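Read the structure below first, then the notes.
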Amino acid sequence: MPNKETREKRQHSTTWIPYSHYECHMPEAYMNVPMHWHGEFELIYVRQGRGEFWCGGRKWEAKAGELLLVPPNMLHATYPGEGEELLYDALVFSPVFLGAGSGDRCTNECIRPIIKGHAQLNVCIREEDEAYGELKAAAEQIFVCVQKNSARMDLLLKSELLRFFWLLEEKGGLLLQEEAEESEAVRPALEYMAAHFREEITVERLAALSHLSRSHFMRCFRKAVGIGAIEHLSQLRIRAACEALCDGSEQIADIAFACGYSNLSNFNRQFLKKVGCSPKEYRKRNH
């Protein structure tokens, strides 16, 4: 099971409202979504562009109109297609919203195996897949419900989510498969990086945490995450810097050092390369 260190810190669901809706725009709002996990399901509807979605150690290239459903606790990340904008809606919802706390047979036989990882989902739903039209229609209704955001619409939202899962079950959208071995192998390294990205981290340290040789670790990491370990570490640091630049008036040099950079000029160079503008320009634009 995932370690608490890589669990996303943001709270997506509460007892009162067991879901959150996000409109994700890359690279305008942020450059990517680094590898992470959470205890909720995540339904993604690609509205515009094309992106790479890494889920459970597999890469799914999805374009406008396609859907992804990420089960709880699965490591996943998102990167926009090269030279493209990626716009998608994401609904992150608690398994409780599907009745996970009850003991009836449909929950025990259809929902709980997915939550426990015994029956994993065929994550990406494409235009050529059976029942795509019905699943897309259900997804569109789901996002209409969350945008209206009321207790009455939650009734319809719950029914549409259950219908979505029924369609997956009925049309064979569920697969009995295991998460890729590489994804599990590098999970300790991802957990450590998420907790300690502000500190100095070496590939040798990460390989030792994963009980792999340096070369084998580097191959496994790239296969599971889609990028190298040092690139992933840089993404974590730059993303934290972006959040700090938006949230307050702290000096840019202090933000750079707090995010793991010992050299301000290197931070400025890396920031420009990944975000497309200087830290100063980014702060001005996002204020």
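Starting from region 164-183, keep only residues that are part of a strand (DSSP E or B), then list their pairs with residues that are modelled with pLDDT of 85 or more whose Cβ atoms are within a distance under 7 Å, requiring at least 6 positions of separation or different chains.
Every condition considered, the pairs that remain are 174/168.
With (1) surrounded by fewer than 18 Cβ atoms within 10 Å (Cβ to Cβ); (2) within 13 Å of the chain's Cα centre (by Cα) as the list, and residue 28 as the residue in question, which single condition is left unmet?
Of everything listed in (1) surrounded by fewer than 18 Cβ atoms within 10 Å (Cβ to Cβ); (2) within 13 Å of the chain's Cα centre (by Cα), residue 28 misses just condition (2).
Kindly evaluate residue 244 against the criterion of being open to solvent by less than 60 Å² (accessible area, probe 1.4 Å), of a type in the set (Gly, Ala, Ser) and touching a Phe, Trp or Tyr at 6+ places or on another chain (Cβ under 8 Å).
Details: open to solvent by less than 60 Å² (accessible area, probe 1.4 Å): yes; of a type in the set (Gly, Ala, Ser): yes; touching a Phe, Trp or Tyr at 6+ places or on another chain (Cβ under 8 Å): no.
Here the answer is no, as residue 244 does not meet what is asked.
Which ranges mark the helices (runs of 4 or more DSSP H) fully within region 204-287 that have 2 or more residues being among the polar types (S, T, N, Q)?
Per the criteria, 229-247, 264-275.
Select, from 43, 75, 87, 67, the only residue that is modelled with pLDDT of 95 or more, under 25 Å from residue 17 (Cα atoms) and under 12 Å from the mean Cα position of the chain (by Cα).
43
Answer with yes or no whether residue 72 is in contact with a strand residue (DSSP E or B) (Cβ under 8 Å, 6 or more places away or on another chain), crowded, with 18+ Cβ neighbours inside 10 Å and part of a loop (DSSP other than H, G, I, E, B).
Details: in contact with a strand residue (DSSP E or B) (Cβ under 8 Å, 6 or more places away or on another chain): yes; crowded, with 18+ Cβ neighbours inside 10 Å: yes; part of a loop (DSSP other than H, G, I, E, B): yes.
Yes: the conditions hold for residue 72.
List the pairs whose first member sits in region 30-43 and is in contact (Cβ under 8 Å) with a residue 12 or more places away in the chain and more than 18 Å from residue 187 (Cα to Cα), whose second member is basic (Lys, Arg) and open to solvent by 20 Å² or more (accessible area, probe 1.4 Å), and whose Cβ atoms are under 8 Å apart, counting only residues at least 6 apart or on separate chains?
Pairs that qualify, where the first residue is in contact (Cβ under 8 Å) with a residue 12 or more places away in the chain and more than 18 Å from residue 187 (Cα to Cα) and the partner is basic (Lys, Arg) and open to solvent by 20 Å² or more (accessible area, probe 1.4 Å), are 30/239; 31/239; 31/274; 32/239.
On the basis of being open to solvent by less than 20 Å² (accessible area, probe 1.4 Å) and either more than 26 Å from residue 137 (Cβ to Cβ) or in a helix (DSSP H, G or I) (or both), does residue 97 make the cut?
So residue 97 passes the test.
Please find, within region 119-140, the residue that is surrounded by the most Cβ atoms within 10 Å (Cβ to Cβ) out of those that are within 22 Å of the chain's Cα centre (by Cα), free of Cβ contacts under 8 Å to residues at least 60 places away in the same chain and not in a loop (DSSP other than H, G, I, E, B).
So the residue we want is 125.
The values are calculated or read from the model by the stated rules, or taken from the named source; none is laboratory data. Note that the structure is predicted; figures quoted are calculated from it, not measured. When we count neighbours, we look across all protein chains shown, and the Cβ atoms used for this are built from the backbone with ideal geometry, even at glycine. Protein only, heavy atoms only, side chains kept; ligands, DNA and RNA dropped before computing areas. Shrake-Rupley method; radii C 1.70, N 1.55, O 1.52, S 1.80 Å.
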